[in-house]
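What follows is one structure encoded as structure tokens, with my remarks underneath.
The values are calculated or read from the model by the stated rules, or taken from the named source; none is laboratory data. Please read these numbers as outputs of a predicted model, since none were measured by experiment. Note: ideal-geometry Cβ built from the backbone for every residue, glycine included; neighbour counts use all protein chains shown. These accessible areas exclude ligands, DNA and RNA; they are computed on the full protein's heavy atoms, side chains included. Shrake-Rupley method; radii C 1.70, N 1.55, O 1.52, S 1.80 Å.
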Amino acid sequence: MENKQKKQFKNEALYSYLILVFIIFIASLEYKYNANLFENSYISKIAFSMVISIYPVYITIKHYSNIITKSFKPANIAILLLISFIPVLFSQENYIDRIYAWVHYLFLVALPEEFFFRVYLTEQFNEGLLRYWKITNVSAYIIGSLFANVLWGVTHIIFPLVNNVNNLEPLWSYITFGIGNGLLYTALFLIFRKNVLAPVLFHAVIDMCNKLL
């Protein structure tokens with residue numbers, strides 16, 4: 001019975017991850033054959049990113065609505081919006097590109113990725129490790145976060161491979177990037193008492209600074 005429960009735990013988290021991988025793969029194929037449309041239309045770019053974002057946001061809220069509700073308090077939202085907008089103010093890019101970058105990296109990159117990988121997957125792995133392997137809470141979070149962040153790095157390989165742009169940097173660097181940055185974002189999530197907006201803000205600001213400054 002216990003082995004069956006362990007298998008069910010592992011399957012649930014990994015099944016959700018495979019659904020996300022499939023969505024990213026299909027979206028990457030769509031981009032490959034309609035690149036001009038996406039590159040020249042802000043609406044198409046946003047729609048493209050929203051398609052990828054819907055599932056990770058949905059599955060996280062479904063399983064961890066308590067964490068999301070606790071995080072999304074008016075004061076927290078105001079801080080998120082104000083601080084995340086700072087890179088936009090100091091950028092030399094044109095106004096439309098700056099606003100698009102803010103919307104894209106905050107709402108369509110940082111938010112769904114932190115929801116899914118820092119909340120959903122990490123919490124799923126942590127709960128399973130605590131329940132079925134009887135290890136300490138700290139050890140469970142370290143192991144669970146490491147696994148979730150490796151999977152996060154793997155998702156970044158899909159688009160470059162499908163669109164033949166993997167010559168930009170070694171594919172293994174996406175894994176190390178996922179582990180390094182992911183552990184930092186997980187630490188922020190825990191330091192701020194499982195307030196997901198902390199890693200969302202940090203993630204979004206880093207991406208926007210790389211893009212706009």
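Kindly check whether there is at least one residue in segment 158-170 that is in a helix (DSSP H, G or I), within 11 Å of the chain's Cα centre (by Cα) and in contact (Cβ under 8 Å) with a residue 12 or more places away in the chain. Taking every residue of segment 158-170 in turn, none turns out to be in a helix (DSSP H, G or I), within 11 Å of the chain's Cα centre (by Cα) and in contact (Cβ under 8 Å) with a residue 12 or more places away in the chain. For segment 17-119, the helices (runs of 4 or more DSSP H) that sit wholly inside it and include 1 or more residues that are polar (S, T, N, Q) and under 17 Å from THR155 (Cα atoms) are 42-71. Criterion first (in contact (Cβ under 8 Å) with a residue 40 or more places away in the chain and either out of contact with any Asp or Glu (no Cβ under 9 Å at 6 or more places or on another chain) or under 30 Å from TYR33 (Cβ atoms) (or both)) does THR122 satisfy it? Taking the combined requirement at face value, the residue satisfies it.
Only one of the numbered conditions (1) over 14 Å from the mean Cα position of the chain (by Cα); (2) farther than 14 Å from HIS203 by Cβ; (3) surrounded by 21 or more Cβ atoms within 10 Å (Cβ to Cβ) is not met by ARG98, and that is (3). The combined condition, being among the β-branched types (Val, Ile, Thr), in contact with a helix residue (DSSP H, G or I) (Cβ under 9 Å, 6 or more places away or on another chain) and open to solvent by less than 30 Å² (accessible area, probe 1.4 Å), is fulfilled by VAL119. Any residue at all in segment 34-49 that is within 19 Å of VAL21 (Cα to Cα), crowded, with 18+ Cβ neighbours inside 10 Å, among the hydrophobic types (A, V, I, L, M, F, W, C) and in contact (Cβ under 8 Å) with a residue 12 or more places away in the chain? Yes, segment 34-49 has at least one match.
As a summary of the residue check, LEU80 satisfies the conditions (1) open to solvent by 20 Å² or more (accessible area, probe 1.4 Å); (2) over 26 Å from PHE22 (Cα atoms) except for the one numbered (1).
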